[in-house]
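Here is the structure we will look at, set down as structure tokens.
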Amino acid sequence: MPVIFLFSAMVSGIALVLFIYMVVSRIRKLKADINALDTIAKFLFYILILDFSLEALDQIHRIYEAEESFDILHLLVNGKLFVSMFIFQIFLGTIIPLVTLAVLQFYKPAEKIHRMIYFTISLLVLFGIFFMRWNVVIGGQLFSKSFYGFTVYKNQFIGAEGTLMAWFWFLIPFAILAFLLWLLPPWKRQSEHSEEPGESSKQAGVPPGGSQCPPFQRIRFAGNARTAADKNDRSGGVITGVQD
């Protein structure tokens, strides 16, 4: 179970990176780089395969062992947790994103549709990971320790485990991320050091329309110009050009 939690955290982390990158680009009124989106989606596809395989192996192992809690878990999965597990977690949160990402590895639709698909997939993966945690944490509290009956989960609004505190801890990471983006914006350096066309060429001693020469050629040209200037000083003539 700890290994599955770690891999699910990797899946949700990559999906959240994909989601935040697209949202921040939208807020800044810029288009997200489609190559960056493809790369993030490719990593999400690979780690999603590993996570789904580990979860499937864990379920097969539990069915094979058939411990004393197997009967009560079977009733729970086919009863109270049927929708949250099979519909939300497995179908919407795993199978649909996995199949869609597999298709996108071979077929590239229009760029606008491509972005919409990535945005939807990121939300579905986060949705599925949330219900995976729900089924493990809340589902584990729905049956008694004696395995002779079920309990009822009562959601409170105020308290250490209430809805208000859950929303607080949910929004804290986004607040920290917003503060760090304001303090150390990753796009600040690019905007400050952007140069006008031809400015870098002027700094390098190259005309705006010309091509920059390798260092050894620039040294050779400088040496030729210096030699020609010395000759001009001695002869009192005027140099009209330097030819290598």
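Each reported figure results from applying straightforward, stated rules to the coordinates on display, with no laboratory input. Since the structure is predicted, the reported quantities are computational estimates derived from the model, not experimental observations. Every residue, glycine as well, gets a Cβ built from its backbone with ideal geometry; the counts of neighbours run over all protein chains shown.
Taking the numbered list (1) exposed (fewer than 14 other Cβ atoms within 10 Å of the Cβ); (2) more than 15 Å from Phe174 (Cβ to Cβ) in turn, Val23 passes all entries but (2). Being polar (S, T, N, Q), surrounded by 11 or more Cβ atoms within 10 Å (Cβ to Cβ), out of contact with any Asp or Glu (no Cβ under 9 Å at 6 or more places or on another chain) and without any contact (Cβ under 8 Å) to a residue 60 or more places away in the chain holds for only one residue in Ser12, Ser53, and it is Ser53. Quick check on region 7-29: of everything there that is polar (S, T, N, Q) and over 10 Å from the mean Cα position of the chain (by Cα), which residue is nearest to Leu44 (Cα to Cα)? Among those residues, the one meeting the criterion is Ser8. Annotation note: of Thr163, Thr94, the sole residue that is over 30 Å from Phe70 (Cα atoms) and touching a Phe, Trp or Tyr at 6+ places or on another chain (Cβ under 7 Å) is Thr163.
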